[in-house]
């Protein structure tokens, strides 16, 4: 059966096939999972009758994280398997695997990918010079579209530092930061996490100030974590927020925990929120919070809910661009080098403003892309 599979053609016509989303979710990492959640939730609102595939690194994890959101959601890892096979199991290119099949263990998945009418690369900062192999995911999408004639979409991309991928042949590309826009010659857009039905309402009742902290251990230069810990300790002391109102919020399990260990004396008992608890139970985002975090999507979501904060960029040429892109939108957050002598009083931190614009623009982008599927 399999040796003849390359002769099979996609079924259906334009907009009749499935919507096929491609992501790097599943590690899990709060930002990647959040973006996948945003798009699947959006499609559940506007196209619940449509078949939706979500191609990720770890489909089992993502199936649990996105359980019940869309009635016709299928989670797979077909594109990732094609990349893995090309790199480690065969001497065949990704394009060859997708277009000519002959990989019995995942040919059926490749056929599903080739029968989709839209192939959509979800946002994030994973197609760049830091992870060269991720360009092969885009190659798999392009190869499938050459067979099927599917639309190729990419939204909310951050490509700094730039690799060779320029999204040639894509029908729609949006980027989330100015350097990426300039490099690709595209208009500046917004991160996919702004895809919420409306800008969250910010309560105005006064509450005691709470500090929220997350310091990552990955994608840092030597000595960065210790410096960020020293800065955070000095900043919390300057704010004089008691330990029982200081919480450590994990975004990437494993990589974010060492920061908590180093800062444990700054927190009240049991004031650690693991990723699993934040995802399932949520946290009470709001203007009563002041954040110190290296994580980009903590910055985005917290400011969207009115929280003030300090962003500590890790790897230069990557995290500084990400955090600066949000500050430029009006988050009011201080993007700090993490110098322990440069702490800021609470009243020196800006209040987020103007974030209705990226929410409105991201929804308009989504509606323009999927109006024919509604």
* Structure fact -> For the chain, averaging the sequence separation of alpha carbon pairs under 8 Å that lie six or more residues apart and dividing by its residue count, the contact order in percent is 15
* Structure fact -> Quick note on 248, 20, 370, ordering by fewest other C-beta atoms within 10 Å, gives 370, 248, 20
* To do: Relative to the longest principal axis of the C-alpha atoms of the chain, give the angle of the C-alpha long axis of helix 135-148, reported between 0 and 90° and rounded to the nearest 10°.
  => 40
* **Relative contact order of the stretch 210-348, defined on C-alpha pairs under 8 angstrom at six or more residues apart (%)** => 29
* Would you please put 193-206, 294-307, 56-69 in order of how densely packed they are, using the mean number of other Cβ atoms within 10 angstrom per residue and starting with the highest? => 294-307, 56-69, 193-206
* Asked: Going by alpha carbons, how many degrees (0 to 90, nearest 10) lie between the helix axis of 30-46 and the longest principal axis of the chain?
  -> 60
* Structure fact -> Stretched fully, the stretch from residue 347 through residue 105 gains (0.36 nm per residue minus C-alpha distance, one decimal, in nm) 81.2 nm
* Asked: Per q in 0.13, 0.19, 0.22 1/Å, what log10 I(q)/I(0) does a Debye calculation on the alpha-carbon atoms of the stretch 36-175 return?
  -> -0.56, -1.23, -1.56
* Asked: Roughly speaking, what is the stretch gain from residue 41 to residue 361, that is 0.36 nm per residue apart minus the C-alpha to C-alpha distance, in nm to one decimal?
  -> 113.5 nm
* So what's the back-of-envelope 222 nm ellipticity for the chain, counting only DSSP H runs of four-plus at -39500 (n - 2.57) apiece and dividing by all residues, rounded to 500? -> -10500 deg cm²/dmol
* Structure fact -> If N is the residue count of the stretch 210-348, its Cα Rg over 2.2 N^0.38 Å rounds to 0.94
* Structure fact -> From fewest to most C-beta neighbours within 10 Å, the residues 27, 159 line up as 27, 159
* Asked: Between residue 234 and residue 96, what is the spin-label point distance in nm, taking each point 7 Å from the Cα along the Cα→C-beta axis?
  -> 5.7
* Asked: Tilt of helix 356-370 relative to the longest C-alpha principal axis of the chain, in degrees (0 to 90, nearest 10)?
  -> 10
* Structure fact -> Simple spin-label estimate for residue 67/residue 284, 7 Å along Cα→Cβ, in nm, reads 2.6
* By average C-beta atoms within 10 angstrom, highest first, the peptides 81-93, 323-335, 344-356, 128-140 -> 323-335, 128-140, 81-93, 344-356
* Structure fact -> A student applying the Cα gyration tensor rule (rounded when a/c is under 1.5; otherwise prolate if a/b is larger than b/c, oblate if not) would label the chain prolate
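Values in this text are rule-based calculations from the coordinates and carry no lab data. As the structure is a prediction and not an experimental result, all values here were calculated from the model. For neighbour counting, all protein chains shown are included, and Cβ atoms are generated from backbone atoms with ideal geometry for every residue, glycine included.
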